[in-house]
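Heads up: the structure comes next, in C-alpha coordinates.
The values are calculated or read from the model by the stated rules, or taken from the named source; none is laboratory data. These figures come from a predicted structure and were not determined experimentally. We place every Cβ from the backbone using ideal geometry, glycine too, and count neighbours over all the protein chains shown.
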Amino acid sequence: MLRSLGADPAVVRRRRSSALGVAEQAVAEGTPLLAPVVVSKSFVVTEFRHERLVLGDAGHLSGPLIAEHLHAARSVVVALCSIGPALEEAASSWFAEDPALSVALDGFGSAAVDLLATAMCERVDSSAEAEGLGTTIPLSPGLLGWPVAIGQRQIFALLDTASAGVRLTEGYMMIPKKSTSLVIGVGTDVEHVGESCDYCSMAATCRFREEHISHHG
(Lines give C-alpha, C1' and ligand atoms only; values in the text may rest on other atoms or scores of the structure.)
Protein backbone atom coordinates (compact mmCIF):
# COMPACT_ATOMS: atom_id res chain seq x y z
CA MET A 1 0.00 0.00 0.00
CA LEU A 2 2.80 2.43 0.87
CA ARG A 3 4.47 1.63 -2.44
CA SER A 4 1.25 2.44 -4.28
CA LEU A 5 1.43 5.87 -2.66
CA GLY A 6 4.96 6.40 -3.92
CA ALA A 7 6.68 5.68 -0.60
CA ASP A 8 9.36 3.18 0.37
CA PRO A 9 7.98 1.18 3.34
CA ALA A 10 11.43 0.67 4.85
CA VAL A 11 12.19 4.39 4.77
CA VAL A 12 8.76 5.29 6.17
CA ARG A 13 9.23 2.94 9.13
CA ARG A 14 12.83 3.95 9.75
CA ARG A 15 11.96 7.62 9.84
CA ARG A 16 8.77 6.96 11.78
CA SER A 17 7.04 9.13 9.23
CA SER A 18 3.52 10.40 9.82
CA ALA A 19 2.64 8.63 6.58
CA LEU A 20 2.73 5.33 8.45
CA GLY A 21 0.03 6.47 10.85
CA VAL A 22 -2.15 7.67 7.98
CA ALA A 23 -1.63 4.39 6.18
CA GLU A 24 -2.61 2.40 9.27
CA GLN A 25 -5.71 4.56 9.65
CA ALA A 26 -6.61 3.94 6.02
CA VAL A 27 -6.28 0.18 6.48
CA ALA A 28 -8.43 0.27 9.62
CA GLU A 29 -11.16 2.38 8.05
CA GLY A 30 -10.93 0.89 4.59
CA THR A 31 -10.94 -2.82 5.37
CA PRO A 32 -14.64 -2.99 6.38
CA LEU A 33 -15.49 -1.25 3.09
CA LEU A 34 -13.90 -3.91 0.91
CA ALA A 35 -16.38 -6.02 -1.03
CA PRO A 36 -14.12 -8.29 -3.08
CA VAL A 37 -15.69 -10.13 -5.98
CA VAL A 38 -14.26 -12.22 -8.78
CA VAL A 39 -16.14 -13.30 -11.89
CA SER A 40 -14.24 -15.83 -13.97
CA LYS A 41 -14.93 -18.36 -16.69
CA SER A 42 -12.86 -20.90 -18.57
CA PHE A 43 -13.23 -21.17 -22.34
CA VAL A 44 -11.97 -23.89 -24.67
CA VAL A 45 -9.92 -22.58 -27.57
CA THR A 46 -11.43 -23.87 -30.80
CA GLU A 47 -9.24 -22.07 -33.31
CA PHE A 48 -6.24 -19.78 -33.59
CA ARG A 49 -5.62 -17.86 -36.79
CA HIS A 50 -4.32 -14.42 -37.73
CA GLU A 51 -3.75 -13.25 -34.11
CA ARG A 52 -7.31 -14.29 -33.28
CA LEU A 53 -8.11 -16.83 -30.57
CA VAL A 54 -11.61 -18.21 -31.15
CA LEU A 55 -13.48 -19.44 -28.07
CA GLY A 56 -16.26 -21.38 -29.75
CA ASP A 57 -19.51 -19.47 -30.01
CA ALA A 58 -18.71 -17.45 -26.88
CA GLY A 59 -16.45 -14.92 -28.56
CA HIS A 60 -12.78 -14.32 -29.21
CA LEU A 61 -9.61 -12.63 -28.06
CA SER A 62 -7.29 -10.94 -30.52
CA GLY A 63 -4.20 -8.79 -30.78
CA PRO A 64 -0.42 -9.13 -31.01
CA LEU A 65 -0.02 -9.75 -27.26
CA ILE A 66 -2.76 -12.38 -27.30
CA ALA A 67 -1.09 -14.12 -30.24
CA GLU A 68 2.34 -14.02 -28.61
CA HIS A 69 1.27 -15.68 -25.36
CA LEU A 70 -1.93 -17.60 -26.03
CA HIS A 71 -1.34 -19.20 -29.45
CA ALA A 72 -0.64 -22.61 -27.85
CA ALA A 73 -3.34 -22.46 -25.19
CA ARG A 74 -5.92 -25.24 -24.96
CA SER A 75 -8.17 -23.01 -22.91
CA VAL A 76 -8.19 -19.55 -21.39
CA VAL A 77 -9.47 -18.27 -18.07
CA VAL A 78 -11.04 -14.83 -18.33
CA ALA A 79 -11.54 -12.95 -15.08
CA LEU A 80 -12.75 -9.69 -13.63
CA CYS A 81 -11.76 -8.66 -10.09
CA SER A 82 -13.22 -5.78 -8.10
CA ILE A 83 -13.34 -4.55 -4.51
CA GLY A 84 -16.62 -2.68 -5.03
CA PRO A 85 -17.39 1.06 -4.91
CA ALA A 86 -17.53 1.77 -1.16
CA LEU A 87 -13.82 2.34 -0.59
CA GLU A 88 -13.34 4.78 -3.45
CA GLU A 89 -16.49 6.62 -2.39
CA ALA A 90 -15.02 6.98 1.10
CA ALA A 91 -11.74 8.23 -0.36
CA SER A 92 -13.61 10.90 -2.32
CA SER A 93 -15.69 11.96 0.68
CA TRP A 94 -12.55 12.52 2.80
CA PHE A 95 -10.72 14.62 0.19
CA ALA A 96 -11.89 18.06 1.36
CA GLU A 97 -11.54 17.36 5.09
CA ASP A 98 -8.43 15.15 5.14
CA PRO A 99 -6.59 14.92 1.78
CA ALA A 100 -3.86 12.69 3.22
CA LEU A 101 -6.37 10.09 4.39
CA SER A 102 -8.19 10.34 1.08
CA VAL A 103 -5.01 9.56 -0.84
CA ALA A 104 -4.13 6.75 1.59
CA LEU A 105 -7.55 5.16 1.15
CA ASP A 106 -7.12 5.32 -2.61
CA GLY A 107 -3.72 3.65 -2.29
CA PHE A 108 -5.19 0.98 -0.05
CA GLY A 109 -7.83 0.29 -2.70
CA SER A 110 -5.21 -0.09 -5.40
CA ALA A 111 -3.21 -2.51 -3.25
CA ALA A 112 -6.33 -4.48 -2.34
CA VAL A 113 -7.51 -5.07 -5.92
CA ASP A 114 -3.96 -5.98 -6.94
CA LEU A 115 -3.78 -8.62 -4.20
CA LEU A 116 -7.22 -9.92 -5.18
CA ALA A 117 -6.04 -10.37 -8.77
CA THR A 118 -2.87 -12.08 -7.53
CA ALA A 119 -4.96 -14.53 -5.50
CA MET A 120 -7.08 -15.24 -8.58
CA CYS A 121 -3.98 -15.94 -10.68
CA GLU A 122 -2.51 -18.21 -8.01
CA ARG A 123 -5.74 -20.21 -7.93
CA VAL A 124 -5.65 -20.69 -11.72
CA ASP A 125 -1.97 -21.69 -11.56
CA SER A 126 -2.61 -24.23 -8.80
CA SER A 127 -5.58 -25.76 -10.57
CA ALA A 128 -3.64 -26.09 -13.81
CA GLU A 129 -0.60 -27.56 -12.05
CA ALA A 130 -2.79 -30.21 -10.42
CA GLU A 131 -3.79 -31.34 -13.91
CA GLY A 132 -0.23 -31.30 -15.20
CA LEU A 133 -0.81 -28.16 -17.25
CA GLY A 134 1.06 -24.91 -17.54
CA THR A 135 -0.17 -21.31 -17.51
CA THR A 136 0.85 -18.06 -19.16
CA ILE A 137 1.42 -14.78 -17.42
CA PRO A 138 -1.81 -12.84 -16.79
CA LEU A 139 -2.60 -10.44 -19.62
CA SER A 140 -4.69 -7.31 -19.06
CA PRO A 141 -6.08 -4.76 -21.52
CA GLY A 142 -3.76 -1.80 -21.76
CA LEU A 143 -0.55 -3.79 -21.94
CA LEU A 144 1.55 -3.27 -25.05
CA GLY A 145 0.02 -5.23 -27.90
CA TRP A 146 -3.50 -5.31 -26.43
CA PRO A 147 -5.11 -1.83 -26.37
CA VAL A 148 -7.66 -1.07 -23.66
CA ALA A 149 -10.48 -0.38 -26.12
CA ILE A 150 -10.00 -3.75 -27.83
CA GLY A 151 -9.24 -5.85 -24.77
CA GLN A 152 -12.00 -4.54 -22.53
CA ARG A 153 -14.65 -5.00 -25.21
CA GLN A 154 -13.56 -8.60 -25.71
CA ILE A 155 -13.50 -9.43 -21.99
CA PHE A 156 -16.80 -7.75 -21.18
CA ALA A 157 -18.42 -9.65 -24.08
CA LEU A 158 -17.30 -12.94 -22.51
CA LEU A 159 -18.25 -12.38 -18.85
CA ASP A 160 -21.37 -11.56 -16.86
CA THR A 161 -19.79 -8.39 -15.50
CA ALA A 162 -23.11 -7.09 -14.22
CA SER A 163 -23.10 -9.82 -11.56
CA ALA A 164 -19.89 -8.25 -10.23
CA GLY A 165 -21.43 -4.79 -10.26
CA VAL A 166 -18.86 -3.58 -12.79
CA ARG A 167 -19.63 -1.65 -15.95
CA LEU A 168 -17.60 -0.19 -18.77
CA THR A 169 -17.82 3.48 -19.72
CA GLU A 170 -17.76 4.78 -23.29
CA GLY A 171 -14.08 5.50 -22.71
CA TYR A 172 -13.51 1.85 -21.67
CA MET A 173 -12.90 2.70 -18.01
CA MET A 174 -14.23 0.23 -15.48
CA ILE A 175 -16.64 1.46 -12.82
CA PRO A 176 -15.89 0.92 -9.91
CA LYS A 177 -12.38 2.09 -10.75
CA LYS A 178 -10.79 -0.34 -8.31
CA SER A 179 -11.34 -3.23 -10.70
CA THR A 180 -9.08 -5.18 -13.01
CA SER A 181 -9.61 -7.63 -15.85
CA LEU A 182 -7.28 -10.32 -17.14
CA VAL A 183 -6.87 -13.50 -19.14
CA ILE A 184 -4.59 -16.50 -18.54
CA GLY A 185 -3.78 -19.20 -21.06
CA VAL A 186 -3.76 -22.85 -19.96
CA GLY A 187 -2.31 -25.85 -21.76
CA THR A 188 0.48 -28.38 -22.10
CA ASP A 189 2.59 -26.26 -24.42
CA VAL A 190 2.06 -22.73 -23.09
CA GLU A 191 5.00 -20.86 -21.60
CA HIS A 192 5.14 -18.53 -18.62
CA VAL A 193 7.37 -16.02 -20.41
CA GLY A 194 8.46 -12.85 -18.60
CA GLU A 195 6.12 -10.89 -16.35
CA SER A 196 3.10 -8.68 -17.03
CA CYS A 197 5.25 -5.67 -16.13
CA ASP A 198 7.42 -6.36 -19.19
CA TYR A 199 4.52 -5.32 -21.41
CA CYS A 200 3.55 -2.16 -19.55
CA SER A 201 4.26 1.15 -21.28
CA MET A 202 5.78 2.41 -18.00
CA ALA A 203 8.11 -0.57 -17.53
CA ALA A 204 11.28 1.47 -18.08
CA THR A 205 10.46 4.09 -15.44
CA CYS A 206 8.22 2.29 -12.92
CA ARG A 207 9.54 2.52 -9.35
CA PHE A 208 7.46 -0.42 -8.16
CA ARG A 209 8.19 -3.00 -10.87
CA GLU A 210 10.22 -5.28 -8.58
CA GLU A 211 7.54 -5.31 -5.87
CA HIS A 212 4.79 -6.02 -8.39
CA ILE A 213 6.73 -8.91 -9.88
CA SER A 214 7.33 -10.41 -6.44
CA HIS A 215 3.55 -10.52 -5.90
CA HIS A 216 2.70 -11.96 -9.32
CA GLY A 217 5.74 -14.14 -10.00
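Residues of region 133-154 include none that is more than 22 Å from residue 52 (Cα to Cα), modelled with pLDDT of 95 or more, in contact with a Leu (Cβ under 7 Å, 6 or more places away or on another chain) and not polar (S, T, N, Q). Just name the residue that is surrounded by the most Cβ atoms within 10 Å (Cβ to Cβ) out of those in region 40-71 that are within 22 Å of the chain's Cα centre (by Cα) and of a type in the set (D, E, K, R). Checking each candidate, the answer is 68. What are the residue pairs meeting all of these: first residue in region 65-88, first residue among the small types (Gly, Ala, Ser), second residue surrounded by fewer than 17 Cβ atoms within 10 Å (Cβ to Cβ) and in a loop (DSSP other than H, G, I, E, B), Cβ atoms under 6 Å, and 6 or more apart or on different chains? As it stands, the answer is 67/51; 72/189; 84/35, since those pairs meet every condition given. The sole residue among 111, 130, 90, 79 that is touching a strand residue (DSSP E or B) at 6+ places or on another chain (Cβ under 9 Å) and at negative phi is 79. Where the second residue is of a type in the set (D, E, K, R) and surrounded by 15 or more Cβ atoms within 10 Å (Cβ to Cβ) and the first is more than 11 Å from residue 78 (Cβ to Cβ) and in contact (Cβ under 8 Å) with a residue 12 or more places away in the chain and lies in region 155-184, which pairs have Cβ atoms under 7 Å and are six or more apart or on separate chains? Final answer for the pair search is 176/88; 177/88; 178/88.
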